[in-house]
Amino acid sequence: MTPQFHASLINDPFGDPGLYIDFLFQRRAIMFDIGTIARVPTRKLLRVSHVFVSHCHIDHFIGFDHLLRLSLGRDKVLSLFGPPGFTSQVEHRLASYTWNLVYSYETDFTVVATELLPTGGARRAEFHCRHQFRREGEARFRVVDGLLLDEEELSVRATFLDHKVPCLAFSLEEKAHVNVHKSRLEAMGLPTGPWLQELKKAVLRDEPDDLLIRVWWRDGDSVRERFIPLGELRHEALRVVAGQKIAYVTDVGFTGGNAGRIVELAHGVDYLFIEATFMDQDAERALDRSHLTARQAGELARRAGAGRVIPFHFSPRYLDQENALRDEVAQAFANVQRATDVDFLPRDDV
(Lines give C-alpha, C1' and ligand atoms only; values in the text may rest on other atoms or scores of the structure.)
Protein backbone atom coordinates (compact mmCIF):
# COMPACT_ATOMS: atom_id res chain seq x y z
CA MET A 1 0.00 0.00 0.00
CA THR A 2 1.39 3.38 -0.99
CA PRO A 3 1.16 5.63 2.08
CA GLN A 4 -0.86 8.82 1.75
CA PHE A 5 1.01 10.64 4.51
CA HIS A 6 4.38 10.49 6.22
CA ALA A 7 4.83 11.29 9.92
CA SER A 8 8.13 12.35 11.45
CA LEU A 9 9.26 13.88 14.73
CA ILE A 10 10.39 17.50 14.36
CA ASN A 11 13.38 17.09 16.68
CA ASP A 12 15.64 14.39 18.07
CA PRO A 13 14.18 12.45 21.05
CA PHE A 14 15.81 14.81 23.57
CA GLY A 15 14.45 17.92 21.87
CA ASP A 16 11.08 19.65 22.02
CA PRO A 17 8.13 17.40 21.15
CA GLY A 18 6.22 17.68 17.90
CA LEU A 19 5.08 15.49 15.03
CA TYR A 20 4.96 16.74 11.43
CA ILE A 21 2.57 14.85 9.16
CA ASP A 22 3.11 15.50 5.47
CA PHE A 23 0.40 14.55 2.96
CA LEU A 24 2.36 13.16 0.07
CA PHE A 25 -0.07 13.97 -2.74
CA GLN A 26 -1.24 17.35 -1.46
CA ARG A 27 0.50 20.59 -0.60
CA ARG A 28 -0.62 20.22 2.97
CA ALA A 29 0.56 19.11 6.40
CA ILE A 30 -0.70 19.00 9.97
CA MET A 31 1.19 18.94 13.26
CA PHE A 32 0.71 17.39 16.68
CA ASP A 33 2.39 19.82 19.12
CA ILE A 34 4.63 22.64 18.01
CA GLY A 35 7.78 22.87 20.09
CA THR A 36 10.91 24.46 18.65
CA ILE A 37 10.54 24.14 14.85
CA ALA A 38 13.75 25.81 13.64
CA ARG A 39 14.87 22.55 12.01
CA VAL A 40 11.73 22.27 9.87
CA PRO A 41 12.18 23.89 6.42
CA THR A 42 10.04 26.95 5.73
CA ARG A 43 8.44 25.35 2.67
CA LYS A 44 7.17 22.53 4.89
CA LEU A 45 5.88 24.81 7.62
CA LEU A 46 3.90 26.82 5.08
CA ARG A 47 1.97 23.66 4.22
CA VAL A 48 0.61 23.35 7.75
CA SER A 49 -3.15 23.85 7.91
CA HIS A 50 -3.93 22.42 11.38
CA VAL A 51 -1.97 22.20 14.64
CA PHE A 52 -3.23 20.00 17.49
CA VAL A 53 -1.62 21.02 20.80
CA SER A 54 -1.51 18.57 23.70
CA HIS A 55 -1.07 21.35 26.30
CA CYS A 56 0.66 24.71 26.53
CA HIS A 57 3.84 23.92 28.42
CA ILE A 58 6.48 25.97 26.65
CA ASP A 59 8.24 23.05 24.99
CA HIS A 60 4.98 22.05 23.26
CA PHE A 61 3.83 25.45 22.00
CA ILE A 62 6.80 27.81 21.61
CA GLY A 63 6.99 27.10 17.87
CA PHE A 64 3.71 28.94 17.36
CA ASP A 65 5.57 32.27 17.19
CA HIS A 66 7.81 30.96 14.41
CA LEU A 67 4.86 29.68 12.40
CA LEU A 68 2.96 32.93 13.00
CA ARG A 69 5.82 35.01 11.64
CA LEU A 70 6.11 32.88 8.50
CA SER A 71 2.36 33.05 7.86
CA LEU A 72 1.95 36.83 8.12
CA GLY A 73 1.04 38.45 4.82
CA ARG A 74 -0.18 35.18 3.32
CA ASP A 75 -3.69 34.18 2.33
CA LYS A 76 -3.93 31.41 4.87
CA VAL A 77 -6.13 30.03 7.66
CA LEU A 78 -4.34 28.25 10.49
CA SER A 79 -6.57 26.08 12.67
CA LEU A 80 -5.37 25.35 16.21
CA PHE A 81 -6.82 22.91 18.74
CA GLY A 82 -5.92 22.63 22.41
CA PRO A 83 -7.13 21.90 25.96
CA PRO A 84 -9.28 24.10 28.27
CA GLY A 85 -8.20 27.76 28.28
CA PHE A 86 -6.46 27.42 24.91
CA THR A 87 -8.34 30.19 23.08
CA SER A 88 -7.36 32.70 25.76
CA GLN A 89 -3.75 31.54 25.65
CA VAL A 90 -3.68 32.06 21.87
CA GLU A 91 -5.34 35.45 22.31
CA HIS A 92 -2.76 36.56 24.88
CA ARG A 93 0.07 35.28 22.71
CA LEU A 94 -1.15 37.34 19.77
CA ALA A 95 -1.81 40.38 21.98
CA SER A 96 1.81 40.39 23.15
CA TYR A 97 2.87 41.88 19.80
CA THR A 98 2.14 45.28 18.21
CA TRP A 99 0.13 45.08 14.98
CA ASN A 100 -0.22 48.72 13.89
CA LEU A 101 1.24 48.11 10.41
CA VAL A 102 -0.76 45.06 9.33
CA TYR A 103 -3.15 47.30 7.38
CA SER A 104 -0.58 47.19 4.56
CA TYR A 105 -1.05 43.46 3.99
CA GLU A 106 -3.26 42.58 1.03
CA THR A 107 -4.22 39.24 2.56
CA ASP A 108 -6.02 38.39 5.79
CA PHE A 109 -4.07 35.65 7.53
CA THR A 110 -6.44 34.15 10.11
CA VAL A 111 -5.91 32.03 13.21
CA VAL A 112 -8.88 29.90 14.34
CA ALA A 113 -8.39 28.55 17.87
CA THR A 114 -10.54 25.82 19.39
CA GLU A 115 -10.37 24.65 22.99
CA LEU A 116 -11.82 21.33 24.09
CA LEU A 117 -13.58 20.78 27.38
CA PRO A 118 -13.70 17.48 29.32
CA THR A 119 -17.52 17.70 29.27
CA GLY A 120 -17.52 17.27 25.47
CA GLY A 121 -18.06 20.92 24.71
CA ALA A 122 -15.75 23.19 22.74
CA ARG A 123 -15.17 26.93 22.32
CA ARG A 124 -13.84 28.54 19.14
CA ALA A 125 -12.61 32.04 18.36
CA GLU A 126 -11.13 33.74 15.29
CA PHE A 127 -8.21 36.16 15.11
CA HIS A 128 -7.84 38.09 11.84
CA CYS A 129 -4.65 39.86 10.84
CA ARG A 130 -6.61 42.73 9.26
CA HIS A 131 -8.27 43.34 12.62
CA GLN A 132 -4.97 43.27 14.50
CA PHE A 133 -5.80 39.77 15.77
CA ARG A 134 -8.62 40.89 18.03
CA ARG A 135 -10.79 38.08 19.33
CA GLU A 136 -14.03 37.67 17.34
CA GLY A 137 -16.40 35.16 15.79
CA GLU A 138 -16.82 33.18 19.00
CA ALA A 139 -18.84 29.97 18.92
CA ARG A 140 -19.65 27.03 21.18
CA PHE A 141 -20.39 23.52 19.98
CA ARG A 142 -20.20 19.84 20.94
CA VAL A 143 -17.43 17.39 20.11
CA VAL A 144 -18.70 13.80 19.76
CA ASP A 145 -16.36 10.91 20.54
CA GLY A 146 -13.37 13.25 20.42
CA LEU A 147 -13.77 13.85 16.67
CA LEU A 148 -11.99 17.13 15.84
CA LEU A 149 -11.52 16.85 12.09
CA ASP A 150 -13.71 14.80 9.78
CA GLU A 151 -12.80 15.02 6.12
CA GLU A 152 -13.45 12.87 3.11
CA GLU A 153 -10.14 11.04 3.42
CA LEU A 154 -9.13 11.33 7.07
CA SER A 155 -10.20 12.01 10.62
CA VAL A 156 -8.45 13.31 13.75
CA ARG A 157 -9.59 12.41 17.25
CA ALA A 158 -8.49 13.46 20.72
CA THR A 159 -8.78 12.08 24.21
CA PHE A 160 -8.17 13.76 27.56
CA LEU A 161 -5.27 12.60 29.70
CA ASP A 162 -3.89 13.82 33.03
CA HIS A 163 -0.54 15.62 33.31
CA LYS A 164 -1.50 17.45 36.49
CA VAL A 165 -3.25 19.67 33.96
CA PRO A 166 -5.61 18.46 31.21
CA CYS A 167 -3.52 17.14 28.33
CA LEU A 168 -4.66 15.83 24.95
CA ALA A 169 -3.51 12.79 22.98
CA PHE A 170 -4.38 12.50 19.29
CA SER A 171 -4.95 9.96 16.55
CA LEU A 172 -5.01 10.44 12.79
CA GLU A 173 -6.75 7.86 10.67
CA GLU A 174 -7.00 7.55 6.92
CA LYS A 175 -10.56 6.36 6.37
CA ALA A 176 -9.67 3.99 3.56
CA HIS A 177 -6.99 3.62 0.94
CA VAL A 178 -7.86 3.16 -2.72
CA ASN A 179 -5.20 1.30 -4.71
CA VAL A 180 -5.27 1.67 -8.50
CA HIS A 181 -3.97 -1.22 -10.60
CA LYS A 182 -2.32 0.60 -13.48
CA SER A 183 -1.90 -2.55 -15.56
CA ARG A 184 -5.65 -3.17 -15.40
CA LEU A 185 -6.32 0.42 -16.41
CA GLU A 186 -4.08 -0.10 -19.41
CA ALA A 187 -5.97 -3.28 -20.27
CA MET A 188 -9.17 -1.21 -20.25
CA GLY A 189 -7.53 1.31 -22.55
CA LEU A 190 -7.58 4.02 -19.89
CA PRO A 191 -4.80 6.46 -18.96
CA THR A 192 -3.69 7.55 -15.52
CA GLY A 193 -4.14 11.20 -14.68
CA PRO A 194 -5.87 13.76 -12.43
CA TRP A 195 -9.24 12.08 -13.00
CA LEU A 196 -8.14 9.30 -10.65
CA GLN A 197 -8.40 11.65 -7.66
CA GLU A 198 -12.10 12.20 -8.39
CA LEU A 199 -12.53 8.46 -8.82
CA LYS A 200 -10.96 7.79 -5.43
CA LYS A 201 -13.15 10.42 -3.76
CA ALA A 202 -16.26 8.83 -5.27
CA VAL A 203 -15.22 5.46 -3.86
CA LEU A 204 -14.53 6.92 -0.40
CA ARG A 205 -17.97 8.60 -0.47
CA ASP A 206 -19.44 5.16 -1.27
CA GLU A 207 -21.20 6.46 -4.36
CA PRO A 208 -23.46 3.98 -6.23
CA ASP A 209 -22.05 1.73 -8.93
CA ASP A 210 -24.10 3.41 -11.68
CA LEU A 211 -22.45 6.80 -11.11
CA LEU A 212 -20.66 7.79 -14.31
CA ILE A 213 -17.01 8.75 -13.87
CA ARG A 214 -15.49 11.18 -16.34
CA VAL A 215 -12.18 9.78 -17.61
CA TRP A 216 -10.28 12.47 -19.46
CA TRP A 217 -6.84 13.03 -20.92
CA ARG A 218 -5.07 15.43 -23.23
CA ASP A 219 -4.41 14.51 -26.83
CA GLY A 220 -2.26 17.29 -28.25
CA ASP A 221 -4.21 20.52 -27.92
CA SER A 222 -7.54 18.79 -27.36
CA VAL A 223 -9.09 16.95 -24.42
CA ARG A 224 -10.60 13.51 -24.92
CA GLU A 225 -13.03 11.88 -22.50
CA ARG A 226 -15.06 8.78 -21.71
CA PHE A 227 -17.74 8.12 -19.12
CA ILE A 228 -17.52 4.80 -17.32
CA PRO A 229 -19.72 3.44 -14.50
CA LEU A 230 -18.05 3.54 -11.09
CA GLY A 231 -18.95 -0.11 -10.49
CA GLU A 232 -16.98 -1.23 -13.54
CA LEU A 233 -13.89 0.72 -12.47
CA ARG A 234 -14.26 -0.46 -8.87
CA HIS A 235 -14.45 -4.10 -9.95
CA GLU A 236 -11.78 -4.05 -12.65
CA ALA A 237 -9.07 -1.65 -11.48
CA LEU A 238 -9.40 -0.77 -7.81
CA ARG A 239 -8.71 -2.33 -4.42
CA VAL A 240 -9.94 -0.67 -1.24
CA VAL A 241 -8.03 -1.43 1.95
CA ALA A 242 -8.01 -0.02 5.47
CA GLY A 243 -6.09 3.24 5.76
CA GLN A 244 -3.14 4.08 7.96
CA LYS A 245 -3.63 5.10 11.57
CA ILE A 246 -1.17 6.81 13.89
CA ALA A 247 -1.42 8.04 17.48
CA TYR A 248 0.54 10.65 19.42
CA VAL A 249 0.84 10.50 23.22
CA THR A 250 3.02 12.69 25.40
CA ASP A 251 3.27 14.20 28.89
CA VAL A 252 1.10 11.79 30.81
CA GLY A 253 1.34 10.01 34.15
CA PHE A 254 1.08 6.23 34.28
CA THR A 255 -2.29 5.97 36.01
CA GLY A 256 -5.13 3.56 35.38
CA GLY A 257 -7.35 6.20 33.79
CA ASN A 258 -4.59 7.42 31.49
CA ALA A 259 -3.55 3.90 30.51
CA GLY A 260 -7.07 2.89 29.55
CA ARG A 261 -7.65 5.97 27.41
CA ILE A 262 -4.28 5.62 25.67
CA VAL A 263 -4.93 1.97 24.80
CA GLU A 264 -8.38 2.83 23.47
CA LEU A 265 -7.13 5.75 21.35
CA ALA A 266 -4.16 3.80 19.97
CA HIS A 267 -5.93 0.49 19.42
CA GLY A 268 -4.57 -1.18 16.28
CA VAL A 269 -2.53 1.82 15.12
CA ASP A 270 0.20 1.32 12.57
CA TYR A 271 2.50 3.76 14.40
CA LEU A 272 2.37 4.90 18.01
CA PHE A 273 4.49 7.94 18.83
CA ILE A 274 4.74 7.92 22.61
CA GLU A 275 6.91 9.64 25.19
CA ALA A 276 9.46 7.56 27.11
CA THR A 277 10.80 10.24 29.40
CA PHE A 278 12.39 8.20 32.21
CA MET A 279 14.10 4.87 32.68
CA ASP A 280 11.96 2.41 34.61
CA GLN A 281 14.43 2.46 37.51
CA ASP A 282 13.18 6.04 38.03
CA ALA A 283 9.48 5.11 37.93
CA GLU A 284 8.68 6.96 41.17
CA ARG A 285 10.15 10.17 39.81
CA ALA A 286 8.27 9.62 36.55
CA LEU A 287 4.96 9.32 38.39
CA ASP A 288 5.75 12.39 40.48
CA ARG A 289 6.50 14.39 37.32
CA SER A 290 3.52 12.85 35.50
CA HIS A 291 5.55 11.22 32.73
CA LEU A 292 5.97 7.70 31.39
CA THR A 293 8.97 5.44 31.74
CA ALA A 294 10.35 3.65 28.70
CA ARG A 295 9.01 0.31 29.96
CA GLN A 296 5.55 1.76 30.51
CA ALA A 297 5.56 3.24 27.00
CA GLY A 298 6.45 -0.14 25.50
CA GLU A 299 3.78 -1.93 27.53
CA LEU A 300 1.10 0.54 26.47
CA ALA A 301 2.08 0.08 22.83
CA ARG A 302 1.90 -3.70 23.22
CA ARG A 303 -1.45 -3.57 24.96
CA ALA A 304 -2.84 -1.29 22.23
CA GLY A 305 -1.70 -3.72 19.53
CA ALA A 306 0.38 -1.08 17.78
CA GLY A 307 2.28 -2.16 14.69
CA ARG A 308 5.30 -0.08 15.60
CA VAL A 309 6.26 2.14 18.53
CA ILE A 310 8.38 5.28 18.16
CA PRO A 311 9.54 6.70 21.52
CA PHE A 312 10.48 10.36 22.05
CA HIS A 313 10.64 13.13 24.69
CA PHE A 314 13.60 11.56 26.53
CA SER A 315 14.78 13.34 29.66
CA PRO A 316 18.17 15.11 29.24
CA ARG A 317 19.40 13.21 32.29
CA TYR A 318 19.84 10.21 29.94
CA LEU A 319 21.80 11.94 27.18
CA ASP A 320 24.40 9.16 27.28
CA GLN A 321 21.79 6.38 27.58
CA GLU A 322 19.64 6.81 24.48
CA ASN A 323 20.12 3.19 23.41
CA ALA A 324 19.19 1.95 26.89
CA LEU A 325 15.91 3.89 26.73
CA ARG A 326 15.14 2.49 23.29
CA ASP A 327 16.00 -1.04 24.41
CA GLU A 328 13.70 -0.75 27.41
CA VAL A 329 10.82 0.31 25.18
CA ALA A 330 11.54 -2.46 22.68
CA GLN A 331 11.76 -5.19 25.32
CA ALA A 332 8.43 -4.24 26.88
CA PHE A 333 6.81 -3.86 23.46
CA ALA A 334 8.06 -7.24 22.26
CA ASN A 335 7.04 -8.80 25.57
CA VAL A 336 10.48 -10.29 26.15
CA GLN A 337 9.72 -10.33 29.86
CA ARG A 338 5.95 -10.61 29.89
CA ALA A 339 4.25 -8.39 32.46
CA THR A 340 1.20 -9.78 34.22
CA ASP A 341 -1.94 -7.69 34.26
CA VAL A 342 -1.17 -6.76 37.85
CA ASP A 343 2.35 -5.69 36.91
CA PHE A 344 1.11 -3.77 33.90
CA LEU A 345 -1.79 -1.85 35.33
CA PRO A 346 -0.89 1.10 37.51
CA ARG A 347 -2.30 0.83 40.99
CA ASP A 348 -3.88 4.28 41.22
CA ASP A 349 -6.77 5.20 38.96
CA VAL A 350 -7.18 8.98 38.72
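The values are calculated or read from the model by the stated rules, or taken from the named source; none is laboratory data. Computed from a predicted structure; not experimentally measured. Every residue, glycine among them, receives a Cβ derived from its backbone with ideal geometry; neighbour counts consider all protein chains shown. Ligands, DNA and RNA are stripped out before the accessible areas are found, and what is left, the full protein with its side chains, is counted by its heavy atoms. Shrake-Rupley method; radii C 1.70, N 1.55, O 1.52, S 1.80 Å.
Before moving on, here are some points about what is shown:
- The residues of region 252-336 expose, per residue, 42 Å² of accessible area to a 1.4 Å probe.
- Label-point separation in nm, A334 to D206, each point 7 Å along Cα→Cβ: 4.1
- Across q = 0.11, 0.18 Å⁻¹, region 221-330 modelled as identical point scatterers on its alpha-carbon atoms has Debye log10 I(q)/I(0) values of -0.45, -0.83, in the order of the q list.
- For region 25-87, the set of chymotrypsin sites (Phe, Trp or Tyr not before Pro) satisfying both a DSSP loop assignment and a count of at most 16 other C-beta atoms within 10 Å is given as F25.
- Gyration tensor verdict on region 41-109 (Cα atoms; rounded if a/c is under 1.5, prolate if a/b is larger than b/c, oblate otherwise): oblate
- Label zone at S183, where the point sits 7 Å out along the Cα-to-Cβ direction: region 1-34 residues whose backbone N lies under 17 Å: 1-2
- Our estimate of slack between Q132 and T98, defined as 0.36 nm per intervening residue step minus the Cα-Cα distance, is 11.4 nm.
- Unit Cα scatterers, Debye sum, the chain: log10 I(q)/I(0) for q = 0.08 Å⁻¹: -0.47
- Spatial extent of region 179-239: Rg and Dmax, with the Cα atoms as the point set, Å: 11.2, 34
- Per principal axis, descending, Cα span of region 163-291 in whole Å: 70, 30, 25
- Count Lys and Arg as plus one, Asp and Glu as minus one, and take only other residues whose Cβ is under 9 Å from that of K245; the net charge is then -3.
- Net charge of Cβ neighbours under 10 Å - reference F5; Lys, Arg +1; Asp, Glu -1: -2
- Kirkwood Rh, angstrom, region 12-127 [1 / mean 1/r, Cα pairs]: 14.8
- Percent carbon-and-sulfur accessible area, the chain, ignoring ligands, DNA and RNA, probe 1.4 Å: 47
- H291 long-range amide H proximity, modeled H, under 5 Å: F254
- Start at zero, step by 5 Å, and the Cα-Cα distances of region 101-174 spread as 3, 13, 18, 17, 17, 14, 10, 6, 1 percent across the bins.
- Residues of type lysines that K44 reaches as a straight line, Cα spacing below 19 Å, ignoring anything fewer than 8 places off in the same chain: K76
- Listed by chain and number, the lysines whose C-alpha is less than 18 Å from the C-alpha of K182, apart from same-chain residues fewer than 8 away, are K200, K201.
- Excluding exposed DSSP-loop GluC sites (Glu not before Pro) (at most 16 other C-beta within 10 Å), longest clean stretch of the chain: 153-350
- Distance (nanometres) between label positions extended 7 Å along Cα→Cβ at Y105 and E152: 2.9
- By DSSP, the beta bridges lying fully in region 52-146 are antiparallel in about 65 percent of cases.
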